[in-house]
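Chemist: Structure below; questions to follow.
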Amino acid sequence: MVQNLDVQTRAQKDVDEAVSRLGRLPDSREHRALPYIQALVWEVLRWRPVAPVAVPHFAAEDDVYNGYRIPAGSTVFANSWAVLHDETVYGLN
């Protein structure tokens, strides 16, 4: 947010509006009162996840992907970093 002051300004506005509506700072149960902050947190977690998470899947049948044979029953993992940084979906970071 230091490099994107417009993001910092918008986040502060989100907090200010929530405080104005609620008459106090919202707590963690009231995340819907902070829609921009909530979106900001999700974007940060997409951009820099706290842990590399790849859920194992199993090939239900023999397959070929990009010329590689994947036998039925093989454990496969998606490249979560590549998925979460796909410029065709998210643009340039």
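Chemist: Given that just one value was derived from the coordinates, which of (i) 16, 45, 23, 11, 5, 0; (ii) 13, 28, 25, 17, 12, 5, 0; (iii) 14, 36, 23, 15, 8, 3, 0 is P(r) over Cα pairs in 10 Å bins from 0, in percent?
Modeler: (ii)
Chemist: Hey, what angle do you get for helix 5-22 against the long axis of the chain, alpha-carbon based, 0 to 90 degrees rounded to 10?
Modeler: 60
Chemist: Would you report the distance distribution of C-alpha pairs in the range 5-47 as whole percents per 5 angstrom bin, up to the bin with the largest distance?
Modeler: Bins of 5 Å from zero give 5, 24, 29, 24, 12, 4, 1 percent of pairs.
Chemist: Return the FRET efficiency for the residue pair Ser28, Ala72: r is the Cβ-Cβ distance, R0 is 41 Å, and the value is rounded to the nearest 0.05.
Modeler: Values: r = 45 Å, r/R0 = 1.09.
Once rounded, the FRET efficiency stands at 0.40.
Chemist: Using +1 on the beta carbon of Lys and Arg, -1 on that of Asp and Glu, and nothing else charged, what's the dipole of the range 5-47 about the Cα centre, debye to 20? Walk me through the numbers on the way to the answer.
Modeler: Values: 7 positive and 7 negative charges, 23 e Å.
That gives the range 5-47 a dipole magnitude of about 120 debye.
Chemist: Working out 0.36 nm times the residue gap between Leu92 and Asp6, then minus their Cα-Cα distance, what length gain in nm do you get to one decimal? The partial results should precede the final answer.
Modeler: On the way: separation 86, 0.36 × 86 = 30.96 nm, distance 1.75 nm.
Using 0.36 nm per residue and subtracting the Cα-Cα distance, I get 29.2 nm.
Chemist: Using the Cα centre of the chain as the reference point, and only Cβ charges (+1 on K/R, -1 on D/E), how large is the resulting charge dipole? Debye, rounded to the nearest 20. Display every interim value, and only then the final one.
Modeler: On the way: 9 positive and 12 negative charges, 75 e Å.
Dipole size: approximately 360 debye.
Chemist: Full-extension gain between Ala39 and Lys13, please, as 0.36 nm times their residue separation minus the C-alpha to C-alpha distance. Walk me through the intermediate numbers first.
Modeler: On the way: separation 26, 0.36 × 26 = 9.36 nm, distance 1.39 nm.
So the chain would gain 8.0 nm between Ala39 and Lys13.
Chemist: Check Ile70: other-chain or 5+ apart residues with amide H under 5 Å from its amide H, H built from backbone geometry?
Modeler: Excluding prolines and chain starts, which carry no amide H, the hits are Asp63, Val64, Tyr65.
Chemist: By how many degrees, 0 to 90 and rounded to 10, does the Cα axis of helix 35-47 deviate from the longest principal axis of the chain?
Modeler: Once rounded, the angle reads 30 degrees.
Throughout, read-outs are computed from the coordinates displayed, never taken from laboratory work. Keep in mind that what you see is a predicted model, and the values were worked out from it rather than measured. Here the Cβ is made from the backbone with ideal geometry for all residues, glycine too, and neighbour counts use every protein chain on show.
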